[in-house]
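First comes the structure, then the notes that go with it.
The values are calculated or read from the model by the stated rules, or taken from the named source; none is laboratory data. Keep in mind the model is a prediction, meaning the values are calculated, not measured. A quick note on method: Cβ atoms are made from the backbone with ideal geometry, for glycine too, and the neighbour counts reach across all protein chains shown. In case anyone asks, the SASA skips ligands and DNA or RNA and just uses the protein heavy atoms, side chains included. Shrake-Rupley method; radii C 1.70, N 1.55, O 1.52, S 1.80 Å.
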Amino acid sequence: MELTLYLENGKSLIFENVTDLEQESYVTSLVTFNYVDVEDGKKKRAIFSLNSLIGLSVDKEDFDVNSLF
């Protein structure tokens, strides 16, 4: 799945081959996921705060985005 995160400064981050996208904590609004880095091909894990994002999108139709909020 491809994940795009839209930042408050107007920039966006695009992650490819995303797996295990889930909300880590409802209290802190942290979201975690695994992805493959396009630069070095290594598997990595990321964590973001939904509070610092203005939006996100995924290219997987059956993914429930509301499960992150």
Within the stretch 1-25, can you find the residues that are outside any strand (DSSP E or B) and open to solvent by 90 Å² or more (accessible area, probe 1.4 Å)? 8, 9, 11, 17
Return the residues of the stretch 26-51 that are surrounded by 12 or more Cβ atoms within 10 Å (Cβ to Cβ) and of a type outside the set (Val, Ile, Thr); say none if nothing qualifies. 29, 30, 33, 34, 35, 37, 46, 48, 49, 50
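Looking for something out of contact with any helix residue (DSSP H, G or I) (no Cβ under 8 Å at 6 or more places or on another chain), assigned to a loop (DSSP other than H, G, I, E, B) and surrounded by 12 or more Cβ atoms within 10 Å (Cβ to Cβ) - is there at least one such residue anywhere in the stretch 62-69?
Scanning the stretch 62-69 turns up at least one residue that is out of contact with any helix residue (DSSP H, G or I) (no Cβ under 8 Å at 6 or more places or on another chain), assigned to a loop (DSSP other than H, G, I, E, B) and surrounded by 12 or more Cβ atoms within 10 Å (Cβ to Cβ).
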Contacts under 6 angstrom Cβ, first residue in the stretch 25-37 being among the acidic types (Asp, Glu), partner in a strand (DSSP E or B), 6 or more apart: 37/44
